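Each remark here refers to the structure printed beneath this line.
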């Protein structure tokens, strides 16, 4: 029985690679991140896995003219904005990704962020550090409304956890009719009604992908539409937010605070004003990097499960809409 030649763009010493071992009886695996190695094997590779860990020096687009036999491309990342390019988009080759793998830890961070601001955790820490008995009032979550921009796998997981804590849920969708029977959502808004939703919510969670349509979706007009008491949480992509406008919103009091896991430029520049703002909670894009289970092992397992479907001729799961960009 012939084996399916599979090229994995990844450092050959990556710790999670043993997850792929069960495939070796049906797949011929070639793993590397050096251009010469990849060029030697991409020509007759049927399946290509992009780990996203090879750095800026190696990109699938550079190899694409040589990829004459490829029938499937998989991304170990959920975001594919750095993978997609015109030639791949226009080709008939399907792309799958790690959609949903990281939804739980990202949703947990969203809840952490609400609690951080509602329970005034920064003040608690400062009081403890100063050995100061400082009693104060805190907010309650039940009855407050969480608005979700980007109601996909991550957004729905945020809704699940928030609903369990008594929050109401509002969500934007490209097709609002798809949300009419969702038991988690109290109100569904069309994308054209974004500002109306923002003005009605106490917490806004951004879980949208990076696409031309979402670039700076949250700008000055949207931030000014939010309540002054509102908290903005971004677990999607940094380009969704106009960062200078957000800094102004936080320093001038348009909104109460922000919790950010993603940024327009990563790593966040040392001279960014966001570092010094006390009404901001920052995470260096690592809230989905879990242990037990390990985040990269979970992503690799997603490919393994889909590979079994591929061998059986079954439809692949977690297909990317290449035109839409997610």
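Filter the range 1-10 for residues that are surrounded by fewer than 19 Cβ atoms within 10 Å (Cβ to Cβ) and modelled with pLDDT of 95 or more; which is farthest from residue 76 (Cα to Cα)?
That would be 3.
With respect to the conditions (1) closer than 30 Å to residue 103 by Cβ; (2) buried (at least 17 other Cβ atoms within 10 Å of the Cβ); (3) touching a residue at least 40 places away in the same chain (Cβ under 8 Å), residue 22 falls short on a single one, namely (2).
For the range 273-286, the count of residues that are under 30 Å from residue 91 (Cα atoms) and touching a strand residue (DSSP E or B) at 6+ places or on another chain (Cβ under 8 Å) is zero.
Return yes or no: is residue 20 touching a strand residue (DSSP E or B) at 6+ places or on another chain (Cβ under 7 Å) and under 19 Å from residue 93 (Cβ atoms)? Reasoning before the result, please.
Numbers: touching a strand residue (DSSP E or B) at 6+ places or on another chain (Cβ under 7 Å): yes; under 19 Å from residue 93 (Cβ atoms): no.
Judged against the criteria, residue 20 is not a match.
For the range 51-66, state whether one or more residues are farther than 29 Å from residue 239 by Cβ, surrounded by fewer than 18 Cβ atoms within 10 Å (Cβ to Cβ), free of Cβ contacts under 8 Å to residues at least 40 places away in the same chain and in contact with a strand residue (DSSP E or B) (Cβ under 7 Å, 6 or more places away or on another chain). Taking every residue of the range 51-66 in turn, none turns out to be farther than 29 Å from residue 239 by Cβ, surrounded by fewer than 18 Cβ atoms within 10 Å (Cβ to Cβ), free of Cβ contacts under 8 Å to residues at least 40 places away in the same chain and in contact with a strand residue (DSSP E or B) (Cβ under 7 Å, 6 or more places away or on another chain).
For the range 195-228, residues that are in contact (Cβ under 8 Å) with a residue 40 or more places away in the chain and closer than 12 Å to residue 249 by Cβ total 3. Elements of the type helices (runs of 4 or more DSSP H) sitting completely within the range 36-140 and holding at least 2 residues that are outside the structural domain of residue 12 (by TED's automatic domain parsing) and under 25 Å from residue 318 (Cβ atoms): these cover 103-118. Exactly one residue out of 29, 76, 84 is within 17 Å of residue 306 (Cβ to Cβ) and touching a residue at least 24 places away in the same chain (Cβ under 8 Å), and it is 76.
Quick check on my filter: what residues within the range 266-287 are in a loop (DSSP other than H, G, I, E, B) and surrounded by 11 or more Cβ atoms within 10 Å (Cβ to Cβ)? Within the range 266-287, 268, 269, 272, 277, 279, 283, 284, 285, 286, 287 meet the criteria.
One residue alone among 123, 156, 144 is out of contact with any helix residue (DSSP H, G or I) (no Cβ under 7 Å at 6 or more places or on another chain), closer than 19 Å to residue 281 by Cα and without any contact (Cβ under 8 Å) to a residue 60 or more places away in the chain, and that residue is 123.
Of the residues 164, 155, 150, only one is on the phi > 0 side of the Ramachandran plot and either surrounded by 15 or more Cβ atoms within 10 Å (Cβ to Cβ) or assigned by TED's automatic domain parsing to the domain that holds residue 241 (or both); which?
Numbers: 164 fails: on the phi > 0 side of the Ramachandran plot; 155 fails: on the phi > 0 side of the Ramachandran plot.
From the options 164, 155, 150, the qualifying one is 150.
The values are calculated or read from the model by the stated rules, or taken from the named source; none is laboratory data. Fair warning: this is a prediction, and the values are worked out from it, not measured in the lab. Glycine gets a Cβ as well: all are built from the backbone with ideal geometry, and neighbour counts include every protein chain shown.
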